[in-house]
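> Shown below is the structure under consideration.
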Amino acid sequence: MEDDKHSTHNYDEEHSLLLELSEKDPLFDKKKKLLQVVGISPDECVCLKGSDTPATLNSVLDLLLQKARVIYFTEVDLYFAASDVIQSVKFQNPRNELEALQSIMFLIDNSILNSKHLRVDILQDLRNMTLEKINALGNTIKDDTKIVGNFRCERESRLVHWGEGEGVKTKLEIAYVEGAGRGAIAKENLKVGDIALVIPVTVIISEELVHKSDMFPVLEKIEGITSETMLLLWSMKEKHNHESKFKFYFDTLPEVFNTGLSFGVDALLELDGTLLLEEIVQAKEHLRTQYDELFPALYHARPDIFPPDLYTWENFLWACELWYSNSMKVMFPNGRFQTCLVPIAGFLNHSINPHIMQYGKVDSATNCLKFPLSRPCNAGEQCFLSYGKLSSSHLITFYGFSTQADNPYDVIPIDLDLPNIDDYENGNLMSDWTNHMVRGTWLSENHEIFHYGLPSPLLEHFRRAQGSAMQPKNLAIELEILSVLCSTFEDMMQGICDTDDDDSWDVKLASTFKKSQRRIFSSIVTSCKAGSKLYASLMFANASSRRRSSILANHVSEF
């Protein structure tokens, strides 16, 4: 959470709360416009008085929540919100809702600390209402945790024991979870704000370790090399160092990371016709180019530091997968962000409905990284982290899994072969978009006429191309638009063919992704056909009405 999004103002007779939409936000203009459409001023304070009733506080919280949702929207959230917004910014997805509610809690807590004139009970009442919403949201999310009892976590236990000797504090235990591999399980009931895990800086693997190594004098002379690449090379060697401080950590790492970067030929063939194939191929080509720029030059020049048997392409790919799938961005007290490995924290699995979202800033007072809960987690449940608002294609490529729940960030970009349109209406919410996309229409709440569960910016672009956006909706044009979309996505769906099942992990994962893509295409085709059927009925009804009117007019004229 960014501190510059929140501020408080104190007055003698009332207390003002301001959720600030930062002008540094790259989506500032779009978010400001969306807020204005629903009647919310981007820079207006919300006032609290000691005499406010529960009903008034509910209204205040609703206003703050609508604004907070928009503040934390991604480009995907904004694009699809335009389809459903009418008079208010509604619930979009649990991830965004939890972020919004957490930002309000942060604002209220700061206000309580800084309040010197107003009875804090009114702020506490507002905080309790916010907490109730967070708990209610958590109750709607069902996380079934089935621990596999015949797997023993001896190496993981040794790592945790080592960490505790270094100052790690944890309310989690490591276990094998059905369908997820290793996971972190709550040892007790954890509520909002509880710290599930504390990691001292001395346990974090960061670039300072490279600076202290014998390879740094060699690497720092390479023009353009990044600290992340240095860490890759360091970890390739440190993995085999039996005297390493981090030996217990490296012992818990798999010999093979099953990410999209390790997909075999059969899995890549399975992905034919998908954007995921292109993403994996481009990523592999980038890594291969990076490796070839470093080797064999490095181990020819300094074989004592870069032994050829350690610095193979296979080991380099392993290190890349390690850092892609396990690293975290950490802000240190000096204000610098670094890409780090955080032992023990790496056992926390990702969810689109996470328990922990705010964990990337080292506490300067304790010099530790803390993992506080954003929603409750009961004893025996798997405690989830958020890796970010990521699509399934990204998760498969760099992490080796896809989410079981519907992912609102699974979108398909649309390359429209339409002429450029320059006559966008100033202030129109739909007019700011030049890049278009679709996702499963089951995620939309608006399946009414002229919407169909499809994104409004996309539909408006088609209407403008037909010259009908600024005019009353033309049924014939609407029918043509739906026909084009239906035909397009039927072709895309047919382009992803079903194949025989395969037992290999990578083909199974590729097949799962293909099925999710087909489901998205199918939902769009279904929505287009439903809209077309509705319009055909309306056009038939209109034609029948005109015929009846004509007959009636002729009948009247005979008299």
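The values are calculated or read from the model by the stated rules, or taken from the named source; none is laboratory data. Every value quoted in this text rests on a predicted model; they were computed, and no experiment measured them. Here the Cβ is made from the backbone with ideal geometry for all residues, glycine too, and neighbour counts use every protein chain on show. Surface areas here come from the heavy atoms of the whole protein model, side chains and all, with no ligands, DNA or RNA. Shrake-Rupley method; radii C 1.70, N 1.55, O 1.52, S 1.80 Å.
> Against the condition of a type in the set (A, V, I, L, M), out of contact with any His (no Cβ under 6 Å at 6 or more places or on another chain), open to solvent by 40 Å² or more (accessible area, probe 1.4 Å) and closer than 17 Å to Val330 by Cβ, how does Ile199 come out, does it pass?
On the way: of a type in the set (A, V, I, L, M): yes; out of contact with any His (no Cβ under 6 Å at 6 or more places or on another chain): yes; open to solvent by 40 Å² or more (accessible area, probe 1.4 Å): no; closer than 17 Å to Val330 by Cβ: yes.
No: the conditions fail for Ile199.
> In the stretch 232-255, what residues are of a type in the set (Phe, Trp, Tyr), part of a helix (DSSP H, G or I) and within 23 Å of Arg182 (Cβ to Cβ)? Break it down into steps so the answer makes sense when it comes.
Quick first cut of the stretch 232-255, residues of a type in the set (Phe, Trp, Tyr) only: 234, 246, 248-250.
Right, trim to part of a helix (DSSP H, G or I) and you get 234, 248-250.
Scanning the stretch 232-255 gives Phe248, Tyr249, Phe250.
> Taking Thr74, is it of a type in the set (Val, Ile, Thr), open to solvent by 30 Å² or more (accessible area, probe 1.4 Å) and at pLDDT 85 or above? Lay out the reasoning, then the answer.
Working: of a type in the set (Val, Ile, Thr): yes; open to solvent by 30 Å² or more (accessible area, probe 1.4 Å): yes; at pLDDT 85 or above: yes.
Spelling it out, Thr74 is indeed of a type in the set (Val, Ile, Thr), open to solvent by 30 Å² or more (accessible area, probe 1.4 Å) and at pLDDT 85 or above.
> Let me ask you something else. Being out of contact with any helix residue (DSSP H, G or I) (no Cβ under 7 Å at 6 or more places or on another chain), in a loop (DSSP other than H, G, I, E, B) and loosely packed, with under 14 Cβ neighbours inside 10 Å is the filter here, so list the residues in the stretch 361-379 that pass it.
Scanning the stretch 361-379 gives Ser364, Ala365, Thr366, Ala379.
> Residue by residue through the stretch 335-360, note down the ones that are surrounded by fewer than 21 Cβ atoms within 10 Å (Cβ to Cβ) and in a helix (DSSP H, G or I).
Gly346
> Quick one: in the stretch 148-160, of everything that is without any contact (Cβ under 8 Å) to a residue 40 or more places away in the chain and not small (Gly, Ala, Ser), which residue is nearest to Cys377 (Cα to Cα)?
Going through the stretch 148-160, the residues without any contact (Cβ under 8 Å) to a residue 40 or more places away in the chain turn out to be 148-154, 157.
Pick out the ones that are also not small (Gly, Ala, Ser) and you get 148, 150-154.
Details: Val148: 20, Asn150: 24, Phe151: 23, Arg152: 23, Cys153: 22, Glu154: 25 Å.
Here the answer is Val148.
Residues checked against (1) open to solvent by less than 70 Å² (accessible area, probe 1.4 Å); (2) aliphatic (A, V, I, L, M); (3) at pLDDT below 95; (4) closer than 30 Å to Phe28 by Cα:
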residue: Ser88; (1), (2), (3), (4): yes, no, yes, yes
residue: Gln92; (1), (2), (3), (4): yes, no, yes, yes
residue: Asp109; (1), (2), (3), (4): yes, no, yes, yes
residue: Gly138; (1), (2), (3), (4): yes, no, yes, yes
residue: Asp143; (1), (2), (3), (4): yes, no, yes, no
residue: Cys153; (1), (2), (3), (4): yes, no, yes, no
residue: Lys169; (1), (2), (3), (4): no, no, no, no
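> In addition: Being touching a strand residue (DSSP E or B) at 6+ places or on another chain (Cβ under 8 Å) and free of Cβ contacts under 8 Å to residues at least 40 places away in the same chain is the filter here; which residues of the stretch 45-80 pass it?
Within the stretch 45-80, Cys45, Val46, Cys47, Leu63 meet the criteria.
> On to the next question. Select from the stretch 180-231 the residues that are of a type in the set (S, T, N, Q) and assigned to a loop (DSSP other than H, G, I, E, B) and write down the one among them that is farthest from Lys245 (Cα to Cα).
Taking the stretch 180-231 and keeping what is of a type in the set (S, T, N, Q), we get 189, 202, 206, 213, 226-227, 229.
So of that shortlist, the ones also assigned to a loop (DSSP other than H, G, I, E, B) come out as 189, 206, 213, 226.
Values: Asn189: 33, Ser206: 13, Ser213: 13, Thr226: 24 Å.
Top of the filtered list is Asn189.
> Examine the stretch 119-130 for a residue that is outside the structural domain of Asn189 (by TED's automatic domain parsing), outside any helix (DSSP H, G or I), over 29 Å from Leu341 (Cα atoms) and in contact (Cβ under 8 Å) with a residue 60 or more places away in the chain, and state whether such a residue exists.
Going through the stretch 119-130, the residues outside the structural domain of Asn189 (by TED's automatic domain parsing) turn out to be 119-130.
Restricting the remaining residues to those that are outside any helix (DSSP H, G or I) gives 119.
Retained after the next criterion (residues that are over 29 Å from Leu341 (Cα atoms)): 119.
Of the ones still in play, those that are also in contact (Cβ under 8 Å) with a residue 60 or more places away in the chain are 119.
Looking for residues that are outside the structural domain of Asn189 (by TED's automatic domain parsing), outside any helix (DSSP H, G or I), over 29 Å from Leu341 (Cα atoms) and in contact (Cβ under 8 Å) with a residue 60 or more places away in the chain, one finds at least one in the stretch 119-130, hence yes.
> Looking at (1) under 27 Å from Lys284 (Cα atoms); (2) assigned to a loop (DSSP other than H, G, I, E, B); (3) open to solvent by 30 Å² or more (accessible area, probe 1.4 Å), which is the one condition that is false for His394?
Here His394 clears every test but (2).
> Among the residues of the stretch 256-280 satisfying the criterion of being of a type in the set (Ser, Thr, Tyr) and not in a helix (DSSP H, G or I), which is farthest from Thr202 (Cα to Cα)? Outline the logic, then answer.
From the stretch 256-280, those of a type in the set (Ser, Thr, Tyr) are 259, 262, 274; that's our starting set.
With not in a helix (DSSP H, G or I) added as a condition, the list becomes 259, 274.
Details: Thr259: 29, Thr274: 43 Å.
If we take residues in the stretch 256-280 being of a type in the set (Ser, Thr, Tyr) and not in a helix (DSSP H, G or I), then Thr274 is farthest from Thr202 (Cα to Cα).
> List the pairs whose first member sits in the stretch 11-25 and is assigned by TED's automatic domain parsing to the domain that holds Ser59, whose second member is exposed (fewer than 12 other Cβ atoms within 10 Å of the Cβ) and at pLDDT 85 or above, and whose Cβ atoms are under 8 Å apart, counting only residues at least 6 apart or on separate chains?
Listed by first residue and then by second, the contacts come to Leu18/Asp43; Glu20/Asp43; Leu21/Asp43.
> Looking only at the stretch 155-166, how many residues end up being touching an Asp or Glu at 6+ places or on another chain (Cβ under 8 Å) and open to solvent by 70 Å² or more (accessible area, probe 1.4 Å)?
Of the residues in that region, 2 qualify.
> Kindly check whether there is at least one residue in the stretch 113-122 that is open to solvent by less than 70 Å² (accessible area, probe 1.4 Å) and among the hydroxyl-bearing types (Ser, Thr, Tyr).
yes
> Sticking with this structure for a sec: Among the residues of the stretch 281-300, what is the count of those that are of a type in the set (S, T, N, Q) and open to solvent by 60 Å² or more (accessible area, probe 1.4 Å)? Break it down stepwise before answering.
Of the stretch 281-300, the ones of a type in the set (S, T, N, Q) are 282, 289-290.
Those left that are additionally open to solvent by 60 Å² or more (accessible area, probe 1.4 Å): 282, 289.
Count: 2.
> Being buried (at least 18 other Cβ atoms within 10 Å of the Cβ), assigned by TED's automatic domain parsing to the domain that holds Asn315, within 28 Å of the chain's Cα centre (by Cα) and of a type outside the set (A, V, I, L, M), is that true of even one residue in the stretch 211-229?
Within the stretch 211-229 (the criterion being buried (at least 18 other Cβ atoms within 10 Å of the Cβ), assigned by TED's automatic domain parsing to the domain that holds Asn315, within 28 Å of the chain's Cα centre (by Cα) and of a type outside the set (A, V, I, L, M)), the answer is yes, since at least one residue qualifies.
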